[in-house]
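Notes to accompany the following structure.
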Amino acid sequence: MRPLSLGFGLVMVAAGAVQGDRVALTASVVALVAVVLGLVVRQAATVAVLSTVVALTLSVPSPVVAALAGLAATAYLLLRHADGADAVTAPTAVGALGLSAVAVVSAVVAETLPWVPLAAPLAAVAVYAMVVAPLLGGGGQLR
């Protein structure tokens, strides 16, 4: 699993550095060192992801580049911190891909329809209610 996690870590760092300036590239170098160190020390993987977040924040990338970095960071952390080969399951992959797609679509739609951010909190509450509804029994108690 180490070569696979290393691959996802390098994709994450590359996506964070692709549109960066000097300060963002410095954060990307820190992330790259942490990815390599993360092969031995698991806690360094978290530092690598946080450094990539800093690089992305400083470079203001496109939504697709940010989504790619987020997907790679998710897979990287799963592979570095989970035990065994079953680290990435189908529900995890579908959830990560689905949420990334929603984030990219919402970032693109928000630029063309200025009223969408006003509807987003209501949509989030509605989706949450639909997900939690099967878990609630009579009287609002969890089953």
Surrounded by 15 or more Cβ atoms within 10 Å (Cβ to Cβ) and either under 16 Å from the mean Cα position of the chain (by Cα) or farther than 30 Å from residue 109 by Cα (or both): does that describe residue 58? no
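Against the definition (in a helix (DSSP H, G or I) and of a type in the set (Val, Ile, Thr)), how does residue 41 come out, yes or no?
no
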Expected output for the range 52-64 (first residue under 19 Å from residue 102 (Cα atoms), partner outside any helix (DSSP H, G or I) and of a type in the set (S, T, N, Q), Cβ below 7 Å, 6+ apart or cross-chain) is 61/19
For the range 1-18, what are the residues that are outside any helix (DSSP H, G or I) and surrounded by 16 or more Cβ atoms within 10 Å (Cβ to Cβ)? 18
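A quick yes/no check of all residues on (1) closer than 30 Å to residue 6 by Cα; (2) in a helix (DSSP H, G or I); (3) modelled with pLDDT of 85 or more:
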position	(1), (2), (3)
73	yes, yes, yes
92	yes, yes, no
101	yes, yes, yes
109	no, yes, no
126	no, yes, yes
Answer with yes or no whether residue 29 is buried (at least 18 other Cβ atoms within 10 Å of the Cβ) and either part of a helix (DSSP H, G or I) or touching a Phe, Trp or Tyr at 6+ places or on another chain (Cβ under 9 Å) (or both). no
Criterion (under 25 Å from residue 22 (Cα atoms) and outside any helix (DSSP H, G or I)) met by exactly one of 114, 61: 61
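Residue-by-condition table, conditions (1) exposed (fewer than 11 other Cβ atoms within 10 Å of the Cβ); (2) assigned to a helix (DSSP H, G or I); (3) at pLDDT 90 or above:
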{"site": "35", "(1), (2), (3)": "no, yes, yes"}
{"site": "45", "(1), (2), (3)": "no, yes, yes"}
{"site": "79", "(1), (2), (3)": "no, yes, no"}
{"site": "95", "(1), (2), (3)": "no, yes, no"}
{"site": "122", "(1), (2), (3)": "yes, yes, no"}
Cβ contacts < 7 Å: first residue within 20 Å of residue 62 (Cα to Cα), restricted to the range 109-126; second residue among the small types (Gly, Ala, Ser) and in a helix (DSSP H, G or I), any location; separation 6+ or different chain. Result? 116/110; 117/110
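The values are calculated or read from the model by the stated rules, or taken from the named source; none is laboratory data. Here the structure is a predicted model, which is why all the values come from computation and not from measurement. Here Cβ is always computed from backbone atoms with ideal geometry, including for glycine, and neighbour counts include all displayed protein chains.
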